[in-house]
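Participant: The structure follows.
The values are calculated or read from the model by the stated rules, or taken from the named source; none is laboratory data. Because the structure is a prediction, the values reported are computed rather than measured. Every residue, glycine as well, gets a Cβ built from its backbone with ideal geometry; the counts of neighbours run over all protein chains shown.
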Amino acid sequence: MEEEGTLRQLWRGFTIQREVVAALLQFQFVARWGRKNLGFAWLFCESLVFAFPVLAVWHFVRDPYEHGLPMTAFVWSGYMPLLIFRHVTGQALHTITGAVPLLYHRRITPFDLYLGHQGLEAIGNLSAVAFSFIVFYILGLIDLPYNYNILLLGFIYTTWWSMCIGLIVTALASRSEIVHHIWLPISYLYVFFCGFMFMAAWLPFKLREIALMIDPPLQCYEMIRAGLFGNQVQTFYDLSYITFILLTLTFVGLWLIQNVRKHLEL
Amino acid sequence: MITVSNLFKYYHSEINRRPIRVLSDISFQIERGEKLALLGRNGAGKSTLIRLISGIELPTQGSIERNMSVSWPVAQVSGIGSSMTGNDNIRFIARLYRKPFKEVRDYVEDFAQLGKFLSEPVRTYSAGMRSRLSFGLSLAIDFDCFLIDEVVAAGDARFQRRSQEEMFEKRADRALLLASHVPDIIRSHCSRAIVLHHGRAKLFDDLDLAIAIYNDL
């Protein structure tokens, strides 16, 4: 290599990565939704296929104003972040193994695959959140948010959290078989501790302190609900703490994925 | 030029704590334009060596230096997504290697003769059709060095003639590492041969000798 500035190299690497990820996004987009029947519209409809029955059931079996909150809005605020997590992390076990033919191209790194795969899920699910909100609002099932910024931030942090876990699972799954056996139970148990069904304020003081410390998605949920319900509810979140946790997880994930090619047996 | 130095590759074993040694202390060079044959019985490590040279898997030890552009391993299952159509794959690979889609598509269409199958998912293709697509794509991208695992001998007579014409006549100046069991192809196109056996490699300038040794393995 000739004398070349590190910045220049970095920029060139970044350009290649951008091209590769753009090509992957397009490729995965077609792979995920295809060109048949609804095609791209599934992006929005998928989430509603799940959300409507769940919401309908909750709507009829529960008191419409449990804990003084409108039930439908509460379930929406619980369910949509859960969908983001489920979809972004759901295929993480197979991000690498399911894309072996693509790894035959040296230009595609495992991290690119992850960005293309999980990134597309993230974008898709965030659009679904916006779409379902509009549908629910038109149907009169949900009120306009109290604070858009906090609501948006809550969803962005939920996505960031899901991307971190997706990255870590992607990287670990290609190193160890064990991950395949323990990840599915964990992802089911996630429903109980993520904040889907409860708020921090409903917990006893001691438990709440611990939960807020070790349960990052709970804080994301708190943000979403603070944005949605405003002073109807008491919420607990610490933006700098959760940012610090997610940054740490991001670095752990990046560190884990950097050597994945070494472990691949294509 | 590609310089392979003291290459070792171990795979972890499903049943044993000790890893399996697939390649052991392999060194050689591929010059620009050189046609090198790779001989060895099934499981000798030919495909592994090709994957390492292409850079999609990393060696356990040793190094590979590439001073020219190197293709992906062109084999039956490689480089193409099976749930996607032939056209989707062409579009993807054209984008990935910065070539105009139309140019790549026209070339592959003409070379692989897949006709209307190009708009069907690759999983519906036969093994021969897949090889044709993968080979056609790598020819369209136009590398300095092609890594080819068997596929030249795949397909019908027409395809074999066509691929030899494209690979050996039109691209006579390109380097090639060719794994093949077909002595005729090797004899007529390659200048040197590597014989792989029990993870070790030996380089031969005399092709007839290499083929004779390979036949005796």
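Participant: What is the one condition in (1) over 22 Å from A:Leu24 (Cα atoms); (2) touching a residue at least 24 places away in the same chain (Cβ under 8 Å); (3) within 11 Å of chain A (Cβ to nearest Cβ); (4) assigned to a loop (DSSP other than H, G, I, E, B) that B:Met68 does not satisfy?
Facilitator: Evaluating B:Met68 over (1) over 22 Å from A:Leu24 (Cα atoms); (2) touching a residue at least 24 places away in the same chain (Cβ under 8 Å); (3) within 11 Å of chain A (Cβ to nearest Cβ); (4) assigned to a loop (DSSP other than H, G, I, E, B) leaves (3) as the failure.
Participant: Right, next: When you look at B:Gly55, is it under 25 Å from B:Val122 (Cβ atoms) and surrounded by fewer than 21 Cβ atoms within 10 Å (Cβ to Cβ), yes or no?
Facilitator: Values: under 25 Å from B:Val122 (Cβ atoms): yes; surrounded by fewer than 21 Cβ atoms within 10 Å (Cβ to Cβ): yes.
For B:Gly55, the condition - under 25 Å from B:Val122 (Cβ atoms) and surrounded by fewer than 21 Cβ atoms within 10 Å (Cβ to Cβ) - is met.
Participant: If you don't mind, another one. Inside region B:189-214, can you point out the residues that are assigned to a helix (DSSP H, G or I) and free of Cβ contacts under 8 Å to residues at least 12 places away in the same chain?
Facilitator: Residues of region B:189-214 that are assigned to a helix (DSSP H, G or I), as a first pass: B:189, B:207-214.
B:Leu209, B:Ala212, listed by residue number.
Participant: Among the residues of region A:90-109 satisfying the criterion of being away from chain B (no Cβ under 14 Å) and touching a Phe, Trp or Tyr at 6+ places or on another chain (Cβ under 8 Å), which is nearest to A:Tyr137 (Cα to Cα)?
Facilitator: Pass one, region A:90-109, residues away from chain B (no Cβ under 14 Å): A:90, A:92-93.
Among the residues that remain, those that are also touching a Phe, Trp or Tyr at 6+ places or on another chain (Cβ under 8 Å) are: A:92-93.
Working: A:Ala92: 33, A:Leu93: 36 Å.
Step by step, filter region A:90-109, then rank; the result is A:Ala92.
Participant: Follow-up. Of all residues in region B:95-115, count the ones that are at the interface with chain A (Cβ under 8 Å from one of its Cβ atoms) and touching a residue at least 24 places away in the same chain (Cβ under 8 Å). First the steps, then the outcome.
Facilitator: Of all residues in region B:95-115, those at the interface with chain A (Cβ under 8 Å from one of its Cβ atoms) come to B:95-98.
Pick out the ones that are also touching a residue at least 24 places away in the same chain (Cβ under 8 Å) and you get B:97.
Looking only at that region, the number is 1.
Participant: Within region B:35-59, how many residues turn out to be in a loop (DSSP other than H, G, I, E, B) and over 19 Å from A:Leu102 (Cβ atoms)? Walk me through how you get there before you give the answer.
Facilitator: Keep residues of region B:35-59 that are in a loop (DSSP other than H, G, I, E, B), which gives B:40-45, B:55-59.
Next, from what is left, pick out any that are over 19 Å from A:Leu102 (Cβ atoms): B:40-45, B:59.
Qualifying residue count, region B:35-59: 7.
Participant: Starting from region A:198-224, keep only residues that are part of a loop (DSSP other than H, G, I, E, B), then list their pairs with residues that are among the hydrophobic types (A, V, I, L, M, F, W, C) whose Cβ atoms are within a distance under 7 Å, requiring at least 6 positions of separation or different chains.
Facilitator: A:Met199/A:Val233; A:Leu203/A:Ala211; A:Asp215/A:Phe193
Participant: With respect to A:Leu48, determine if the residue is modelled with pLDDT under 85, over 14 Å from A:Val129 (Cα atoms), away from every other protein chain (no Cβ under 14 Å) and in a helix (DSSP H, G or I).
Facilitator: On the way: modelled with pLDDT under 85: yes; over 14 Å from A:Val129 (Cα atoms): no; away from every other protein chain (no Cβ under 14 Å): yes; in a helix (DSSP H, G or I): yes.
No.
Participant: Is at least one residue of region B:77-94 more than 10 Å from every other protein chain (Cβ to nearest Cβ), among the aromatic types (Phe, Trp, Tyr) and over 30 Å from B:Leu7 (Cα atoms)?
Facilitator: Taking every residue of region B:77-94 in turn, none turns out to be more than 10 Å from every other protein chain (Cβ to nearest Cβ), among the aromatic types (Phe, Trp, Tyr) and over 30 Å from B:Leu7 (Cα atoms).
Participant: Moving on to the next point. Given the conditions (1) hydroxyl-bearing (Ser, Thr, Tyr); (2) out of contact with any Pro (no Cβ under 7 Å at 6 or more places or on another chain); (3) facing another protein chain (nearest Cβ under 9 Å), and given that B:Ser63 satisfies all but one, which numbered condition is not satisfied?
Facilitator: Against the list (1) hydroxyl-bearing (Ser, Thr, Tyr); (2) out of contact with any Pro (no Cβ under 7 Å at 6 or more places or on another chain); (3) facing another protein chain (nearest Cβ under 9 Å), B:Ser63 comes up short only on (3).
This table checks each residue for (1) surrounded by 22 or more Cβ atoms within 10 Å (Cβ to Cβ); (2) among the β-branched types (Val, Ile, Thr).
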position: B:Ile15; (1), (2): no, yes
position: B:Leu23; (1), (2): yes, no
position: B:Phe28; (1), (2): no, no
position: B:Ala44; (1), (2): yes, no
position: B:Leu49; (1), (2): yes, no
position: B:Gly79; (1), (2): yes, no
position: B:Asn89; (1), (2): yes, no
